[in-house]
Amino acid sequence: PMQRLLLITAYEALEMAGYAKNRTPATCHSRASSFMGQTSDDWREVNASQNIENFYITGGIRAFGPGRLNYHFGWEDASYSLDTACSSSSAAIQLACSALRARECDTSLAGGANVMTASSIFAGLSRGGFLSPTGSCKTYDEGADGYCRADAVGIVVLKRLEDAILDRDNIQAVIKGVATNHSAEAISITHPHAETQQRLFKRTLQDACLSHESVDYVEMHGTGTQAGDTIESTSVAKVFGPGRTLDNPLYFGTVKPNIGHGEAASGVTSVIKAVMMFSKNTIPPHIGVKRKMNPKLLDFNAIGMKLADRNVPFKPNPRGDGKRRIMVNNFDATGGNTSIILEDPPKLSAVGEDPRGSYVITVSAKTRNALWENTRRLVEFLKMNPQAKLSHLSYTTTARREHHSFRRSHVATSVSDLQASLERNLEAQHERSIKPKSVVFVFTGQASQYAAMGSQLFKTSGFFRSQLLALETTCISLNLPSFLELLTNPNVDTKLCDPVQSQLALAALEVSLAKLWCSWGVKPDLVIG
């Protein structure tokens, strides 16, 4: 179940990001990686008491989660499964950022998942005093008595900012700084330590090259424990509180009272909440206080800190540079602490009006039924968004989507024109089956060669050129004659060429052409020649 949820969520995240494999240098399949936080092996433990079958290892071991993502998407860079308890997904994000900064990869999926199927984890957490006996996470309430577990899965797509701008990506937020430390001086391994948290916050600000006044909101870890909530809020107040007033307050809150504690996925859940705050321009209300504030907490009003009790417009600090910033805290029961500072996405310059009068909109899927369903959903989208721009739809569906074996393209001049074409297509798909037509590659034999017959593609197609050069290298390693001159030099006299050289040139050209067509999605049923 965890692997399935990771696959579904990763696919959705990549579609939202407009990812299309090998479209740009930053989306090259050999430079994409995945970092996933996973803490429990519930499904494996449940199956361990049943019959051990063929897929017990590949379906239950945590390492196969990110490994399956790489395998499914055809990525050749690293895949990592991380376990730092409740901060696993934040640790995954930090390691992904480190890999991107070091240019070890160009695109990365980072996140985590938590699937609760084993009662033993519930029992252990309950006996250890972690879980609330009364239900939800009552963060900052006087009756806070532990946390409520939650199933959760979340994934974000990460790239270096310069690459994302160059690729004209849909940038949702910028990670300005991230840091991790460990509460080695705490009274117990599971107990938070205030001074360690404060050092972490200062280190994260230093990594982001920011001052404490530039942070507008803190998304707390806030699980709903007496010790944890008190220590974290006090630590935040000491680092971010100085200089705050009720006219320019530091807002804070936590998502856990809303959806529970997603454990290994709790960090990425908080990051996603922060990203939504940017896009919705809203600070959502904190719902953890059920009765009244915990008297052990600081007087937040006196130090310029606020818990939102209703939707509050999220505005930039009037004394700042116009950018809003959120710090996300994510701590774990083993003593680890991770903080991430997020910033508003850059405002990219608008592209001028598209002068074209007609546009190509493409619908693609892996099966006939999925193609019909995707077409229906696009029709519904157009009904709800009659003002949608065809130029945007055309760009998204052609350049920013993975294309599959079932595909239909529609040429339209207006939204109503496109909608009518899609609806006709929906009816036609019900009436007849869609079968891909057979494709045969037919190549000629000896004596059809001519000088420079592959020169144009060799100059213009990097893929074709790499295939041809690889075959040239193979021939030379086998002590066969070079054929590259015959394919690229228009001044070569083909009549003087050695027959072996001519045959090698023809074979290499045909193999390279076949691979080029296959890379475009044209797969042959038969090859003759």
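Restricting the search to the stretch 9-28, which residues are part of a helix (DSSP H, G or I), closer than 13 Å to L109 by Cα and not charged (D, E, K, R)?
T9, A10, Y11, A13, L14, M16, A17, T27 - these are the residues of the stretch 9-28 that are part of a helix (DSSP H, G or I), closer than 13 Å to L109 by Cα and not charged (D, E, K, R).
If the condition is being more than 14 Å from the chain's Cα centre (by Cα) and touching a residue at least 40 places away in the same chain (Cβ under 8 Å), then the stretch 2-25 contributes M2, Q3, R23, T24, P25.
Residues that are crowded, with 18+ Cβ neighbours inside 10 Å, in contact with a helix residue (DSSP H, G or I) (Cβ under 9 Å, 6 or more places away or on another chain) and assigned to a helix (DSSP H, G or I): does the stretch 48-58 have at least one? If you could, list the steps in order and put the result at the bottom.
Residues of the stretch 48-58 crowded, with 18+ Cβ neighbours inside 10 Å: none.
No, every residue in the stretch 48-58 fails to be crowded, with 18+ Cβ neighbours inside 10 Å, in contact with a helix residue (DSSP H, G or I) (Cβ under 9 Å, 6 or more places away or on another chain) and assigned to a helix (DSSP H, G or I).
Please pick out the residue among L378, L371 that is farther than 30 Å from F278 by Cα, in contact with a helix residue (DSSP H, G or I) (Cβ under 8 Å, 6 or more places away or on another chain), in contact (Cβ under 8 Å) with a residue 40 or more places away in the chain and in the same structural domain as F406 (by TED's automatic domain parsing). On inspection, the qualifying residue turns out to be L371.
Yes or no, residue by residue, for (1) touching a residue at least 24 places away in the same chain (Cβ under 8 Å); (2) over 30 Å from P25 (Cβ atoms):
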| site | (1), (2) |
| --- | --- |
| S394 | yes, no |
| R400 | yes, no |
| F406 | yes, no |
| L426 | yes, yes |
| V440 | yes, yes |
| S455 | yes, no |
| F463 | yes, no |
| V500 | no, yes |
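In this structure, is T362 part of a strand (DSSP E or B), buried (at least 18 other Cβ atoms within 10 Å of the Cβ) and touching a residue at least 12 places away in the same chain (Cβ under 8 Å)? No; evaluated as a whole, the condition is false for this residue.
Remark: E427 matches the filter, which requires a residue to be modelled with pLDDT under 85, assigned by TED's automatic domain parsing to the domain that holds N369 and either farther than 30 Å from M384 by Cα or surrounded by fewer than 18 Cβ atoms within 10 Å (Cβ to Cβ) (or both).
Please specify each residue of the stretch 268-313 satisfying the condition of being assigned to a strand (DSSP E or B), crowded, with 18+ Cβ neighbours inside 10 Å and β-branched (V, I, T). Answer for the stretch 268-313, where residues must be assigned to a strand (DSSP E or B), crowded, with 18+ Cβ neighbours inside 10 Å and β-branched (V, I, T): just I283. Comparison of K315, K290, K366 shows that the only residue that is in contact with a strand residue (DSSP E or B) (Cβ under 8 Å, 6 or more places away or on another chain), in the same structural domain as R199 (by TED's automatic domain parsing) and at pLDDT below 95 is K290. Is it true that A63 is in contact (Cβ under 8 Å) with a residue 12 or more places away in the chain, touching a Ser or Thr at 6+ places or on another chain (Cβ under 8 Å), within 27 Å of I340 (Cα to Cα) and not assigned by TED's automatic domain parsing to the domain that holds D299? Judged against the criteria, A63 is a match. Exactly one residue out of L82, L100 is touching an Asp or Glu at 6+ places or on another chain (Cβ under 9 Å) and either touching a residue at least 24 places away in the same chain (Cβ under 8 Å) or among the aromatic types (F, W, Y) (or both), and it is L100. S416 meets each of the listed conditions (1) of a type in the set (S, T, Y); (2) closer than 28 Å to L14 by Cβ; (3) modelled with pLDDT of 90 or more apart from (2). For the stretch 474-509, filtered to residues that are surrounded by fewer than 17 Cβ atoms within 10 Å (Cβ to Cβ) and either touching a Phe, Trp or Tyr at 6+ places or on another chain (Cβ under 7 Å) or under 24 Å from G74 (Cβ atoms) (or both), the residue that is modelled with the lowest pLDDT is T494.
Taking the options A85, A110, A48, name whichever one is within 21 Å of L158 (Cα to Cα) and either at pLDDT below 95 or not assigned by TED's automatic domain parsing to the domain that holds F463 (or both).
Matching residue, one of A85, A110, A48: A110.
Taking the stretch 137-153 as the range and being in a loop (DSSP other than H, G, I, E, B) and either more than 19 Å from F252 (Cα to Cα) or aromatic (F, W, Y) (or both) as the test, the residues that pass are Y140, G143, D145, G146, C148, A150, D151. The single condition from (1) closer than 26 Å to E195 by Cα; (2) within 15 Å of the chain's Cα centre (by Cα) that G177 fails is (2). Residues being in contact (Cβ under 8 Å) with a residue 24 or more places away in the chain and closer than 20 Å to E12 by Cα: count how many of those fall in the stretch 383-392. Total satisfying the criteria: 0. Residue under question is L371, and the condition is that it be closer than 30 Å to H212 by Cα, in contact with a Lys or Arg (Cβ under 8 Å, 6 or more places away or on another chain) and of a type in the set (A, V, I, L, M, F, W, C); does it hold? When the stated conditions are applied, L371 does not pass them.
Just a yes or no: is a residue in the stretch 124-136 without any contact (Cβ under 8 Å) to a residue 60 or more places away in the chain, surrounded by fewer than 16 Cβ atoms within 10 Å (Cβ to Cβ), more than 28 Å from L297 (Cβ to Cβ) and not assigned by TED's automatic domain parsing to the domain that holds L298? Taking every residue of the stretch 124-136 in turn, none turns out to be without any contact (Cβ under 8 Å) to a residue 60 or more places away in the chain, surrounded by fewer than 16 Cβ atoms within 10 Å (Cβ to Cβ), more than 28 Å from L297 (Cβ to Cβ) and not assigned by TED's automatic domain parsing to the domain that holds L298.
The values are calculated or read from the model by the stated rules, or taken from the named source; none is laboratory data. Quick caveat, the model's predicted, so the values are computed rather than measured. All Cβ positions, even for glycine, are placed from backbone atoms using ideal geometry, and neighbour counts span all protein chains on display.
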